[in-house]
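Report on one structure; see the data block that follows.
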Amino acid sequence: MKTAVIVFPASNCDRDAAMALEKVTGRKAEMIWHRETEIPADIDFVVLPGGFSYGDYLRCGAIASRSPIVRDLIDKAEKGLPVAGFCNGFQILAETGLLPGALMRNKGLKFVCRNQKLTITNKNTRFTRRYKDVESVTFPIAHHDGNYFASDEVIRRLEKDGRVLFKYDGNPNGSKSDIAGICNEKGNVFGMMPHPERAIDAQHGGTDGLEFFKSIIESI
Amino acid sequence: MTKTEKITPDVVAEHGLSESEYQIILDRLEREPNLNELGIFSVMWSEHCSYKSSRRHLAKFLTSGEKVIQGPGENAGVIDIGDGDCIIFKMESHNHPSYIEPYQGAATGVGGIMRDVFTMGARPIALMNALRFGEPDHPKTRSLIDGVVAGIGGYGNCVGVPTVGGETNFHKGYNGNILVNAMCVGHARTDKVFYSAASGVGNPIFYVGSKTGRDGIHGATMASAEFDDDSEEKRPTVQVGDPFTEKLLIEACMELMATDAIIAIQDMGAAGLTSSSVEMADKGGVGIELNLDNVPQREENMTPYEMMLSESQERMLMVLVPGKEHLAYEVFEKWELDVAEIGKTTDTGRLVLKHKRKIVCDIPIAPLADDAPNYDRPYIASEKRDVINAADIAQPDDFNLVLKQLISCPDIASKRWIWEQYDRHVMANTMDSSQSGGDAAVVRIHGTKKAVAISTDVTPRYCFADPVEGGRQCVMETWRNLTCVGADPIAITDCLNFGNPERPEIMGQLVGCIEGMNEACHALNYPVVSGNVSLYNETNGTAIPPTPAVGGVGLIPDSQYLTAISGAKDGDTLLLIGNMTGWLGASLYLREIEGREDGAPPPVNFDEEIRNGNYVRKLIRLRRINAVHDCSDGGLALAVAELCLSSNTGAVITKPHDDIPLHAHLFGEDQGRYVLAVEPNSVNPIISTAEGLKVPVRKIGTIGGDNFTMKDVFKISMNSLRHSHENWLPEYMKGDAK
């Protein structure tokens, strides 16, 4: 099992993501620099970490979505490589079009950091299947632009196809239909604003995120 | 020389230099300076850079100890936390710029203090801030809070260093001069600490980071003057920050520091290229020659004067090992930052600047730093105030109302609106932060079982009432707060915010506070390892209350023995450690309920403090305590209420049977006290051991239920208290509360 974390200039949750992957797989995650052009063929799972890639100038995630490494990531994700993006990683995935919709400025116009309760809305996915006896989890959130938006038609389809995996219990940012995390049609690409990688340790943020990582790793 | 402008008395005055200071320059140079040279003297001799009013008093501080690796004088202080790890930390003010331009002022304050820490080889692991705003109904207060908080968050969040705690106070004394004090704590390996002293001759000097622009010129001089009604016009002297570049700069510096290429490194903070080059040269006893044509510039046709005085952010200066230049180019080009060789070290002891093939500055370095003015300003000690007898203060009619008023008053009300805008979790090592309402923030050292505890404190109303006593108290309170999370307090940094030192009564406050602080440092073996002084916090002749903010750092050797404010369980017994006299002088109660700010502040008794604190820490390590909170603002009643709010429970407090008036018993601010929530079967052993140690302890009630209760005195639902506590700030920021 080999995992990787993409590192953009001003990614700042790259180490946190790598620690979570190492904790669950027992192996160090590979750190892949944004200027690389290819994700090694033996990588089984890729995380796009949180942060402020390229300073989030232009739009959050917009520049990263056009970086050399992400071009290859899009290619491999379309062929089935499992990918998860948290926070800025979700924004990047939305900018690439791998996931539908967009992340707008929070409704309250402020950065918001809190421990956020989430309802698991589909446990029958590669990313959530180990939560079978659990209805809700608490993950930290920390973002300024997490207000999920898509057309009514897209939201209807996401809901109908079971592609909404997590919803906010108490909407912190104005996201449509309280959506916190979604996956693509094939179910191999997932993005969410909350930080499961900050919830893998009882001393910091709780352990609700462990089953998330175990789910996806086990599915490979 | 290119500059031929005549140096008139007006030009000298515009540079903030007195006639006598200018005369010293003439004597040292044995000629008139040119404008570049005058500018350089002006910033180096500004209060901000030279500490000319405070230096002789700061020199009295205890600055050494067995755990001190580096005391004041470097970019930040360094303390040993064992196993080859060290903690590097400092607090710094960004008051003047934050008043003029709150977002950028606060943001660059955070950026600057982080650079001070990672310059020394430490990865920043935590940020704190101590904020003082004017009274809530002052027309500027709301927008200043909004801008400062957004600026602190905007910078720290992007760089990816958690902002884990701090304090926010309001007082009319800050109406014209808010205080924005930012603290950064970093972690390094002891054998990988970097210093700023340049050495060698002919070694290359490298400039890295952002390009130099015209922003922030004379920021240090601005920060060394009083405000008047035209202060808005000083906006162009405020720098603009770019946290994205800072993040890249941290990573690039860490990467280069892992090699053996760096001899010395210094960030460009106040007074930019001038102070960084002069300080490096001065500390290393060498000269420096810079070719300004090679300085990366953001704008065209910048003059040497502008380049030397610019305070553009996110820049560093390094002296490299000859032959290792390629490493710097590789690393900084990878991170897409500017990198340029701009000069070399010399053996002349002079600062020589070349621009367009001409020498535009050639001055000896020693007078700039070491021979800077060092004033013994006259001072008058503050008049001692009378001790208030609590019996002379009327009892309130309704204690429930008083408790609600205190828990929702601006200084005590929840600051959730502020700290929810800060990323407190990034780096995944935050164990306790503002979110618990506890006494200190706790951040684990990555990959170890150790954790550092951090607390910022000062009670300006005590310092105003009695600078010496207030000085003792602010150091003491950080020690107490670190104790509350089970940490061994190690050292402090400070940020001394005062008015105009040329006024003897203000100078008296500064001298008094330093004296009190230093007594505490000695009594507690708790040295000062870094800090800064911010004077001239005055507008139209009105000074701020004396505000020596202290940032304390302690070590929790094993983070599984962490006790917080939030762990109280139903059925726990509440104990009070410490003496009770019912001290209402200079208390929050007196100010908020009686509208009085008089009276002597509560005295600090170091022997008692040490006995009580050491006992509490020992109980924490023995896991005998479920929750602990120190008694500070608002006394016993507020301490219990806050502990209940954080633990999400209620309490029944026993009505006291002593001769202390009830309001003084509940809201008096005697020092050296802690409220503990412990399992009932621990009570007797805790009390009997305490007696042997001469630690006063008494049972004061029981945890549990949904109410805050004392027979015939309090009956108030915790929900209602929580509502009062949580709602003030968000309502105020919406414009609904005063």
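Within region B:234-286, the residues that satisfy the criterion of being surrounded by fewer than 23 Cβ atoms within 10 Å (Cβ to Cβ), within 14 Å of chain A (Cβ to nearest Cβ) and part of a loop (DSSP other than H, G, I, E, B) are B:VAL240, B:ASP242.
Among the residues making up region B:593-615, those that are more than 26 Å from the chain's Cα centre (by Cα) and either among the hydrophobic types (A, V, I, L, M, F, W, C) or over 15 Å from B:GLY672 (Cβ atoms) (or both) are B:ILE593, B:GLU594, B:GLY595, B:ARG596, B:ASP598, B:GLY599.
Could you say whether any residue in region B:470-483 is more than 18 Å from B:GLY613 (Cα to Cα), of a type outside the set (Asp, Glu) and more than 14 Å from chain A (Cβ to nearest Cβ)? The answer is yes; a qualifying residue exists.
Taken over region B:690-718, the residue count meeting the criterion of being of a type outside the set (D, E, K, R), without any contact (Cβ under 8 Å) to a residue 60 or more places away in the chain and out of contact with any strand residue (DSSP E or B) (no Cβ under 9 Å at 6 or more places or on another chain) is 1.
Among the candidates B:GLY571, B:GLY486, which residue alone is within 14 Å of chain A (Cβ to nearest Cβ), modelled with pLDDT of 95 or more and in contact with a helix residue (DSSP H, G or I) (Cβ under 7 Å, 6 or more places away or on another chain)? The unique qualifying residue is B:GLY486.
Of the residues making up region B:190-210, just one is assigned to a loop (DSSP other than H, G, I, E, B), farther than 18 Å from B:GLY73 by Cα and aliphatic (A, V, I, L, M), namely B:VAL201.
Would you point out which residue out of B:ALA372, B:ALA381 is open to solvent by 60 Å² or more (accessible area, probe 1.4 Å) and of a type outside the set (S, T, N, Q)? Break it down stepwise before answering.
On the way: B:ALA372 fails: open to solvent by 60 Å² or more (accessible area, probe 1.4 Å).
After applying the criteria, what remains is B:ALA381.
Identify all residues within region A:33-61 that are of a type in the set (A, V, I, L, M, F, W, C), over 30 Å from A:ALA202 (Cβ atoms) and either within 14 Å of chain B (Cβ to nearest Cβ) or without any contact (Cβ under 8 Å) to a residue 24 or more places away in the chain (or both); write none if there are none.
Of region A:33-61, the ones of a type in the set (A, V, I, L, M, F, W, C) are A:33, A:39, A:41, A:43, A:45-48, A:52, A:58, A:60.
Filter once more, keeping what is over 30 Å from A:ALA202 (Cβ atoms): A:33, A:39, A:41, A:58, A:60.
Result: A:TRP33, A:ALA41, A:LEU58, A:CYS60.
If you filter region B:334-360 down to residues that are within 14 Å of chain A (Cβ to nearest Cβ) and open to solvent by less than 40 Å² (accessible area, probe 1.4 Å), you find that the one that is farthest from A:PRO9 (Cα to Cα) is B:LEU337.
Output the residues belonging to region B:410-451 that are under 17 Å from B:PRO489 (Cα atoms) and within 14 Å of chain A (Cβ to nearest Cβ). B:ASP432, B:ALA441, B:VAL442, B:VAL443, B:ARG444, B:ILE445, B:LYS450, B:ALA451 - these are the residues of region B:410-451 that are under 17 Å from B:PRO489 (Cα atoms) and within 14 Å of chain A (Cβ to nearest Cβ). Taking strands (runs of 3 or more DSSP E) as the structural unit, those lying wholly within region A:134-220 and holding at least 1 residues that are open to solvent by 20 Å² or more (accessible area, probe 1.4 Å) correspond to A:136-143, A:147-149, A:164-168.
Among the residues of region A:149-206, those identified as in contact with a helix residue (DSSP H, G or I) (Cβ under 6 Å, 6 or more places away or on another chain) and of a type in the set (Phe, Trp, Tyr) are A:PHE149, A:TYR168.
Looking only at residues that are part of a loop (DSSP other than H, G, I, E, B) and among the hydrophobic types (A, V, I, L, M, F, W, C) in region A:62-118, which one is surrounded by the fewest Cβ atoms within 10 Å (Cβ to Cβ)? Out of the qualifying residues, it is A:LEU109.
Taken together, B:VAL201, B:VAL193 contain a single residue that is out of contact with any Lys or Arg (no Cβ under 7 Å at 6 or more places or on another chain), open to solvent by 40 Å² or more (accessible area, probe 1.4 Å) and over 30 Å from B:ARG142 (Cβ atoms), which is B:VAL201. Can we say A:PRO140 is more than 23 Å from A:LYS23 (Cβ to Cβ), within 14 Å of another protein chain (Cβ to nearest Cβ) and at pLDDT 95 or above? Against the criterion (more than 23 Å from A:LYS23 (Cβ to Cβ), within 14 Å of another protein chain (Cβ to nearest Cβ) and at pLDDT 95 or above), A:PRO140 does not qualify.
If a residue has to be within 25 Å of B:ALA126 (Cβ to Cβ) and either buried (at least 24 other Cβ atoms within 10 Å of the Cβ) or of a type outside the set (A, V, I, L, M, F, W, C) (or both) to count, how many in region B:445-470 make the cut? Adding up the residues that qualify gives 15.
Restricted to region B:426-502, the set of strands (runs of 3 or more DSSP E) holding at least 1 residues that are within 19 Å of B:GLY672 (Cβ to Cβ) comprises B:451-457, B:488-497.
With the condition kept exactly as written, say whether any residue in region A:147-156 is farther than 23 Å from B:MET427 by Cβ and either aromatic (Phe, Trp, Tyr) or within 14 Å of another protein chain (Cβ to nearest Cβ) (or both). Full working, then the answer.
Step one: filter region A:147-156 for residues farther than 23 Å from B:MET427 by Cβ, giving A:147-156.
Pick out the ones that are also either aromatic (Phe, Trp, Tyr) or within 14 Å of another protein chain (Cβ to nearest Cβ) (or both) and you get A:148-149.
Taking every residue of region A:147-156 in turn, at least one turns out to be farther than 23 Å from B:MET427 by Cβ and either aromatic (Phe, Trp, Tyr) or within 14 Å of another protein chain (Cβ to nearest Cβ) (or both).
Taking the conditions (1) at positive phi; (2) among the acidic types (Asp, Glu); (3) at pLDDT below 95 in turn, A:ASP133 satisfies each one other than (1). Please determine whether any residue of region A:17-28 is open to solvent by less than 50 Å² (accessible area, probe 1.4 Å), in a loop (DSSP other than H, G, I, E, B) and within 14 Å of another protein chain (Cβ to nearest Cβ). The answer is no, given that none of the residues of region A:17-28 is open to solvent by less than 50 Å² (accessible area, probe 1.4 Å), in a loop (DSSP other than H, G, I, E, B) and within 14 Å of another protein chain (Cβ to nearest Cβ). In summary, helices (runs of 4 or more DSSP H) completely within region B:83-163 and bearing 3 or more residues that are among the β-branched types (Val, Ile, Thr) and crowded, with 23+ Cβ neighbours inside 10 Å occur at B:102-118, B:141-159. Taken over region B:688-708, the residue count meeting the criterion of being over 20 Å from B:GLY438 (Cα atoms) and either open to solvent by less than 30 Å² (accessible area, probe 1.4 Å) or in contact with a Phe, Trp or Tyr (Cβ under 7 Å, 6 or more places away or on another chain) (or both) is 5.
If the condition is being outside any loop (DSSP other than H, G, I, E, B) and touching a helix residue (DSSP H, G or I) at 6+ places or on another chain (Cβ under 9 Å), then region B:287-299 contributes B:GLY287, B:ILE288, B:LEU290, B:LEU292, B:GLN297.
Report whether or not B:GLN421 is touching a residue at least 12 places away in the same chain (Cβ under 8 Å) and open to solvent by 20 Å² or more (accessible area, probe 1.4 Å). Considered against the rule, which asks whether it is touching a residue at least 12 places away in the same chain (Cβ under 8 Å) and open to solvent by 20 Å² or more (accessible area, probe 1.4 Å), B:GLN421 comes out as no. Hey, among the residues in region B:306-333 that are within 14 Å of another protein chain (Cβ to nearest Cβ) and either modelled with pLDDT under 95 or open to solvent by less than 10 Å² (accessible area, probe 1.4 Å) (or both), which one's nearest to B:PRO97 (Cα to Cα)? Selected residue: B:GLN313.
If you take the residues in region A:162-220 that are within 14 Å of another protein chain (Cβ to nearest Cβ) and hydrophobic (A, V, I, L, M, F, W, C), which one is nearest to A:LEU21 (Cα to Cα)? Among those residues, the one meeting the criterion is A:PHE213.
The values are calculated or read from the model by the stated rules, or taken from the named source; none is laboratory data. All of these numbers come straight from a predicted model, not from anything done at the bench. Here Cβ is always computed from backbone atoms with ideal geometry, including for glycine, and neighbour counts include all displayed protein chains. We work out accessible area using only protein heavy atoms, side chains counted, and drop any ligands, DNA or RNA first. Shrake-Rupley method; radii C 1.70, N 1.55, O 1.52, S 1.80 Å.
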